[in-house]
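Quick note: the coordinates plus some simple rules give every number you see, no bench work behind them. Keep in mind the model is a prediction, meaning the values are calculated, not measured. Neighbour counts run over all protein chains shown; Cβ positions are idealised from the backbone, glycine included.
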Amino acid sequence: MPGTSDDTPRPAPARRVTVDPQGPVLVEGPVEIVLDDGTVARSDRFAVAICTCRRSRTYPWCDTSHRRRERTAPPTEDRKS
């Protein structure tokens, strides 16, 4: 009977995206990212962290380079005069 089969394409399930204001954007994978130069970076992981600060050595993937590094002052020596 015509019209009984449902050939209507169904939308893909929604991906969850979590934005961390001080860090990366977390996306449930798999993920494909089109970069500025047109190349495509792909990850098949169940979740990926996407760099938003561009400090990452593995850009577009986050390597936690956004974290601030606190430097401790060198220990002072007690000098006797």
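How far apart, in nanometres, would the label points at residue 14 and residue 36 be if each is projected 7 angstrom from Cα along the Cα-to-Cβ direction?
The answer from the label model is 3.2 nm.
Explain nothing, just compute: Karplus ³J(HN,Hα) = 6.51 cos²θ - 1.76 cosθ + 1.60, θ = phi - 60°, for every residue of the range 12-26 in order, whole Hz, x for Gly and Pro.
Result, rounded to whole Hz: 5, x, 5, 8, 8, 10, 10, 9, 9, x, 10, x, x, 9, 9.
Mind giving me the nanometre distance, one decimal, between the label points for residue 28 and residue 58, set 7 Å out from Cα along Cα→Cβ?
Here the answer is 2.2 nm between the modelled labels.
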